[in-house]
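*Asks:* Starting off with a structure, shown below.
The values are calculated or read from the model by the stated rules, or taken from the named source; none is laboratory data. Everything quoted here is computed from the prediction, not taken from an experiment. Quick reminder, even Gly has a Cβ in these numbers, built from the backbone with ideal geometry, and neighbours come from all protein chains shown.
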Amino acid sequence: MAEADYDVVVAGAGNAALCAAIAARQAGARVLVLERAPAAELGGNSAFTAGAMRVPLKSIEQLLALAPQLADTAASVAFTSYDEAEFVEDIVRLSGNANDRKLVELIAANAFSTISWMAGFGVRFESQLERRGVKVGGRTYNPREAALRVIGQGKGLIDTLWQAAETLGVDFSYDTEAAGLIVEDDAVVGLTIRRGGRTQALRAGRIILACGGFEASPEMRARYLGPDWDLAKVRGSRFNTGLGLKMALAAGAAAYGNWSGAHAIAQDINAPAFGNDPATAELEGKDCYYLSIIVNRDGERFVDEGADFRVFTYSTQGHVIVRQPGSVAFEIFDAKTYGKLDHSYRIPQATSVKAETLRELAEQLGIKPEPFLETVRAFNAGVREDVPLDDAIRDGRGTVGVSPPKSNWAQKLDAPPYWGFPVTAGITFTYGGVRVDEHARVLTETLEPIPNLYAAGEMVGGIFFRNYPGSSGLVSGAVMGRIAGTAAARNHDR
Ligand SMILES: Cc1cc2nc3c(=O)[nH]c(=O)nc-3n(C[C@H](O)[C@H](O)[C@H](O)COP(=O)(O)OP(=O)(O)OC[C@H]3O[C@@H](n4cnc5c(N)ncnc54)[C@H](O)[C@@H]3O)c2cc1C
């Protein structure tokens, strides 16, 4: 086995991994990062993100400290504080209380300090109210959306993290796959790595796995998520095929969390099979379904489009869509709602059909016209027009006598022209992972730390179940990555 000159080897070069590498290096360790992708594609899913980050913020001063440009327009912003308890409550509520609460609280408690730490080595933030906020009477409200996003989005985040790691003296090996863990006397002592068709063993002091989930493996998707998930579109990296998880489980790690769960959205039907351009990946999602009615090919509605704010429902849309005939659905808008659609609906590559009548629209989209017209008729008849429409709040303007109901923001579909956007399931990342403790040490099923082994990012199970408050992934990965890097550098096992 080759001796590594490194105290800490990190597998992966996404947000969690790079935060781990930087923290370990700052704590004095010699650090090597192994990235399966070529250098030009480093950054995993993190590079494909919008860079949005959900962070507890007590005051607008905290927001301004991270996003100083907001000072110019702060007066037009309806800022509402978002404390750690609310951050925890949002994650726990959406997960049906199934989470490892201690992990969620750990993330909440460290989120602001971790984001500030990232700002300290050059990650720059801006307010994302302009992008996701709702304008009411000249003021911008942010209905529980994340307040911050990284300038330059995911690509900018990865470029800055990579630059910071390089400057600190972290070494990188690209096109290098972590393929297995070497265990001696129950302790992890090294890795098997594959590079250029060759496999070799590498001895290492501590190992941090931050290799993402299994969203890019059709085989694992079908096995763990269920039928038809093998056919879903992958929104991000093609390199997250669950190798890190398999390695950890083979070394005795406890499988933990929601292995049949994943973050999956409504994705343009013609989006590529994998995210191939970080600059446009986010735009392939079609998240304004709460303004629409969504139907399947049979012309039937199948989900409450207005169950809650977008940020609390978008990651479950893929799950309901994958179960529809052909795993296809159609978001339908009219002249009243079309103007409110975000930029992703107007890009040239967005798939859409426009028609003057609902029948014509159905025929062009391949929806059965008669049941569709009946669905719209019944829906329109059920809209509670006595309740005022207000996008900034859960306005309770729902439907009566319609199944499934639409609980908020319901409007009759009656103003031509009409638009239809065909969508399918786009998987973002998987929720199942390994079990870790508060030092990010990987635990066995009997809750003993596996000596020298740490995990961070989407590889950590127990944080998200069934649903996810938007923009929690990067924050979770940064916090756990930083903790893992610091603990590994201090060799917490001893
Ligand atoms: C289109 C899109 C938009 C998103 N927008 C947001 C957002 O705005 N805000 C937010 O919080 N979250 C967002 N997410 C979710 C976010 O991407 C994840 O929560 C986060 O990036 C996960 O980080 P990670 O470091 O765990 O994994 P990744 O960033 O995926 O990193 C995993 C790394 O491991 C490498 N790897 C895999 N296997 C191996 C191996 N065997 N050996 C070596 N390396 C390996 C991969 O190449 C990759 O570099 C978005 C995701 C997508 C796809």
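*Asks:* Could you please tell me which pairs satisfy a Cβ distance under 6 Å, a separation of 6+ or placement on different chains, a first residue in the stretch 48-73 that is closer than 30 Å to G275 by Cα, and a second residue that is more than 15 Å from the ligand (Cβ to nearest atom) and in a loop (DSSP other than H, G, I, E, B)?
*Replies:* Close Cβ pairs satisfying both conditions: P56/D83.
*Asks:* Spot the failing condition for R310; the list is (1) touching a Ser or Thr at 6+ places or on another chain (Cβ under 7 Å); (2) within 22 Å of G96 (Cα to Cα), and only one is missed.
*Replies:* Among (1) touching a Ser or Thr at 6+ places or on another chain (Cβ under 7 Å); (2) within 22 Å of G96 (Cα to Cα), the lone unmet condition for R310 is (1).
*Asks:* A further question on this structure: Of all residues in the stretch 457-488, which are touching a strand residue (DSSP E or B) at 6+ places or on another chain (Cβ under 6 Å) and either more than 14 Å from the ligand (Cβ to nearest atom) or not acidic (D, E) (or both)? Talk me through it step by step, then tell me what you get.
*Replies:* Of the stretch 457-488, the ones touching a strand residue (DSSP E or B) at 6+ places or on another chain (Cβ under 6 Å) are 458-462, 468, 471, 474-475, 480, 484, 488.
The answer is M459, V460, G461, G462, Y468, S471, L474, V475, M480, A484, A488.
*Asks:* Applying the selection to the stretch 95-135, what residues are in a loop (DSSP other than H, G, I, E, B) and either under 17 Å from M53 (Cβ atoms) or among the aliphatic types (A, V, I, L, M) (or both)? Spell out how you get there, then give the answer.
*Replies:* So in the stretch 95-135, the residues in a loop (DSSP other than H, G, I, E, B) come out as 95-100, 121-124, 128, 133.
Listed by number, the residues that qualify are A98, F121, G122, V123, R124, Q128, G133.
*Asks:* Looking at the stretch 440-457, can you tell me whether even one residue there is part of a helix (DSSP H, G or I) and crowded, with 24+ Cβ neighbours inside 10 Å? Before you say what the answer is, go through the steps one by one.
*Replies:* Narrowing the stretch 440-457 to residues part of a helix (DSSP H, G or I): 457.
When the remaining residues are screened for being crowded, with 24+ Cβ neighbours inside 10 Å, the result is 457.
For the stretch 440-457, residues part of a helix (DSSP H, G or I) and crowded, with 24+ Cβ neighbours inside 10 Å: present.
*Asks:* Here is a list of conditions, (1) surrounded by 17 or more Cβ atoms within 10 Å (Cβ to Cβ); (2) outside any helix (DSSP H, G or I); (3) without any contact (Cβ under 8 Å) to a residue 40 or more places away in the chain, and V320 meets all of them except one; can you say which number that is?
*Replies:* Unmet for V320, out of (1) surrounded by 17 or more Cβ atoms within 10 Å (Cβ to Cβ); (2) outside any helix (DSSP H, G or I); (3) without any contact (Cβ under 8 Å) to a residue 40 or more places away in the chain: (2).
*Asks:* Looking for whichever is more than 10 Å from the ligand (Cβ to nearest atom), over 16 Å from the mean Cα position of the chain (by Cα) and either surrounded by fewer than 24 Cβ atoms within 10 Å (Cβ to Cβ) or at pLDDT below 95 (or both) here; the options are G226, G242. Which one fits?
*Replies:* Working: G242 fails: more than 10 Å from the ligand (Cβ to nearest atom).
G226 is the lone residue from the list that is more than 10 Å from the ligand (Cβ to nearest atom), over 16 Å from the mean Cα position of the chain (by Cα) and either surrounded by fewer than 24 Cβ atoms within 10 Å (Cβ to Cβ) or at pLDDT below 95 (or both).
*Asks:* Would you check if there is a residue in the stretch 205-216 being more than 14 Å from the ligand (Cβ to nearest atom) and either under 20 Å from E35 (Cβ atoms) or of a type in the set (A, V, I, L, M) (or both)?
*Replies:* Looking through the stretch 205-216, at least one residue is more than 14 Å from the ligand (Cβ to nearest atom) and either under 20 Å from E35 (Cβ atoms) or of a type in the set (A, V, I, L, M) (or both).
*Asks:* Return yes or no: is F302 buried (at least 19 other Cβ atoms within 10 Å of the Cβ) and either under 28 Å from the mean Cα position of the chain (by Cα) or more than 30 Å from N276 (Cβ to Cβ) (or both)?
*Replies:* Working: buried (at least 19 other Cβ atoms within 10 Å of the Cβ): no; either under 28 Å from the mean Cα position of the chain (by Cα) or more than 30 Å from N276 (Cβ to Cβ) (or both): yes.
In short, no.
*Asks:* Moving on. Residues in the stretch 138-149: is at least one assigned to a strand (DSSP E or B) and surrounded by 22 or more Cβ atoms within 10 Å (Cβ to Cβ)? Let's see the steps before the verdict.
*Replies:* From the stretch 138-149, those assigned to a strand (DSSP E or B) are 139-141, 148-149; that's our starting set.
Add one more test, that the residue is surrounded by 22 or more Cβ atoms within 10 Å (Cβ to Cβ), and what stays is 148-149.
The answer is yes, given that some residue of the stretch 138-149 is assigned to a strand (DSSP E or B) and surrounded by 22 or more Cβ atoms within 10 Å (Cβ to Cβ).
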